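One structure below.
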């Protein structure tokens, strides 16, 4: 069973909450929120985000608003020490 409820199954109250907390176009680091895609089991709205690198990801709306999510994961190899980055690239 999926952890996320599809957008089509939202009830009217959740839809009003989404409209009230619309973060479309909000930038957090390299990410820009584009559209709501689902609701998590904890009633957090999940958003499709586009990254400056060209990638995309799905992120929690509250994490985007507070700046906890900065990118799609494209910068992880750059932030690792050189030795770990080399091993990480070989295993991927």
One residue from 16, 34, 87 being outside any loop (DSSP other than H, G, I, E, B) and either surrounded by 14 or more Cβ atoms within 10 Å (Cβ to Cβ) or modelled with pLDDT of 90 or more (or both): 34
Residue in the stretch 40-61 that is nearest to residue 73 (Cα to Cα), counting only those that are part of a strand (DSSP E or B) and in contact with a helix residue (DSSP H, G or I) (Cβ under 8 Å, 6 or more places away or on another chain): 49
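The values are calculated or read from the model by the stated rules, or taken from the named source; none is laboratory data. The shown structure was predicted, so the numbers you read here are calculated from the model rather than taken from an experiment. Positions of Cβ are backbone-derived with ideal geometry, glycine not excepted, and every protein chain shown enters the neighbour counts.
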